[in-house]
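Notes to accompany the following structure.
The values are calculated or read from the model by the stated rules, or taken from the named source; none is laboratory data. Quantities reported herein were computed from a predicted structural model and do not represent experimental measurements. For neighbour counting, all protein chains shown are included, and Cβ atoms are generated from backbone atoms with ideal geometry for every residue, glycine included.
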Amino acid sequence: MSDSEFTWRDGERTIYFRAGVIGDSPEILDAHDFGAYELLTTERAMGAAPLELAEGAVGFHHVAPGPVNDVAARIVDEVSASALVALGGGRVIDVAKAVAAVRGGSVAALPTTLSGAEMTRIHRLPEGYAAASGLLRPELVLADPPVMASLPEQRLRASAINALAHGADSLYTPLANPVSRMSALRGAGLIAKALDAAPAERDPAPLALGAVLCAYALDSALFALHHVICQSLVRTLRIPHAETNAAILPRVAEAMVPRAGKQMTALARALGTRRDRLGKRVEELAGGRIRLAALGAEEASLDEAVKTILARPELGLTPDPPDEGEIRGLIAAAW
């Protein structure tokens, strides 16, 4: 057993992690009683899967762009099977989780990015619907490192910083624990080391494993300041998810140093830097400084975004939660 190939049984969930595992997805799905499944995916993601995956589905749903709750609401009544297979990035997997949570089904996730959605029960619900028995995490995960790391370089770096942010945010919540912290720091170190390598020489397995571990930490310890800001900006300003995380994380990491010095010191060490260079180090890993304005953010919607951030109960999971002035300052520094 190695870090590049393993099977992890975690309660009701089984994670298969190895190169080529998506190619074996029809057999694995059948072995886990996903016989009559409906497939949720995108055109890009379908290129990573064998034809048999689509041919074996009893239904097919193209996951359109847009907020998860809106997209899920458009297809929730079209789904009839209790088993859903989600092949794609975080939006596709979160839509499948949302639909299955409402309908009481199960999800198999085949991630094609580093979003970490396959590892969490964190998702929105279709507008106007309630969960049958709480939020849901996939019970089967097929993590194929070359597929998860297949985005073009700059988009891959943004996706990796989104993954890193999962681990970073989980370090300082009241629910943080030894297992979540070990997972987060180990994942952060793997992500940093992978991004430091030249693209042509990069091993996708450590990058994918880092994303899985950081998402596992987030699912255990939940999130605080960083994700409250990013989720609110993405929904309100209609800007890209991963890139928004890459723009905000350097500023939040700096803001958390006086609030959670021990945790931020550990994070800096995992990333191979000093605590006073934490923000700069994240920018280096992102491939340079990313600005919200360059992502299409419009200042006219900023007041609404700040109001949304301040109303989020998860903000209270941050040590010494920032006030409106500090939140505006963090966003302005990333603008």
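Some observations on this one:
- Contact map, the stretch 14-42: first residue touching a residue at least 40 places away in the same chain (Cβ under 8 Å), second residue assigned to a helix (DSSP H, G or I), Cβ cut-off under 6 Å, separation 6 or more or different chains; pairs are Ala19/Pro145; Ala19/Pro146; Ile22/Val147; Ser25/Leu53; Leu40/Val92; Leu40/Ala96.
- Residue list for the stretch 49-105, restricted to those being of a type in the set (Asp, Glu) and over 18 Å from Val234 (Cα atoms): Glu52, Glu55, Asp77, Glu78
- Unmet criterion (only one of (1) in contact (Cβ under 8 Å) with a residue 60 or more places away in the chain; (2) assigned to a helix (DSSP H, G or I); (3) more than 21 Å from Met46 (Cα to Cα)) for Glu118: (3)
- All of Leu125, Leu156, Leu136, Leu142 fail the test of being touching a Ser or Thr at 6+ places or on another chain (Cβ under 9 Å) and at pLDDT below 95, apart from Leu136.
- Segments classed as helices (runs of 4 or more DSSP H), wholly inside the stretch 16-75, with at least 1 members that are surrounded by fewer than 17 Cβ atoms within 10 Å (Cβ to Cβ) and under 20 Å from the mean Cα position of the chain (by Cα): 43-46, 68-75
- Selection count where residues are in a loop (DSSP other than H, G, I, E, B) and more than 11 Å from the chain's Cα centre (by Cα), scope the stretch 104-115: 3
- Residues satisfying the stated conditions in the stretch 284-312, i.e. at pLDDT below 95 and within 15 Å of Gln231 (Cβ to Cβ): Ala297, Ser301
- Only one of the listed residues (Ala158, Ala163, Ala132) is buried (at least 19 other Cβ atoms within 10 Å of the Cβ) and without any contact (Cβ under 8 Å) to a residue 60 or more places away in the chain. That residue is Ala163.
- Helices (runs of 4 or more DSSP H) fully within the stretch 189-297 counting 1 or more residues that are basic (Lys, Arg) and buried (at least 18 other Cβ atoms within 10 Å of the Cβ): 241-256, 278-286
- Scanning the stretch 109-122 for residues that are small (Gly, Ala, Ser) and surrounded by fewer than 23 Cβ atoms within 10 Å (Cβ to Cβ) gives no hits.
- Looking only at the stretch 76-88, residues that are buried (at least 24 other Cβ atoms within 10 Å of the Cβ) and either free of Cβ contacts under 8 Å to residues at least 40 places away in the same chain or farther than 17 Å from Thr113 by Cβ (or both) come to 1 in all.
- Scanning the stretch 133-145 for residues that are among the aliphatic types (A, V, I, L, M) and either over 20 Å from Asp219 (Cβ atoms) or outside any loop (DSSP other than H, G, I, E, B) (or both) yields Leu140, Val141, Leu142, Ala143.
- Criterion (surrounded by 24 or more Cβ atoms within 10 Å (Cβ to Cβ) and of a type outside the set (Lys, Arg)) met by exactly one of Leu151, Leu142, Leu125: Leu142
- Which listed residue is aliphatic (A, V, I, L, M), more than 21 Å from Leu151 (Cβ to Cβ), outside the structural domain of Asp219 (by TED's automatic domain parsing) and modelled with pLDDT of 95 or more, from Leu40, Leu51, Leu29: Leu29
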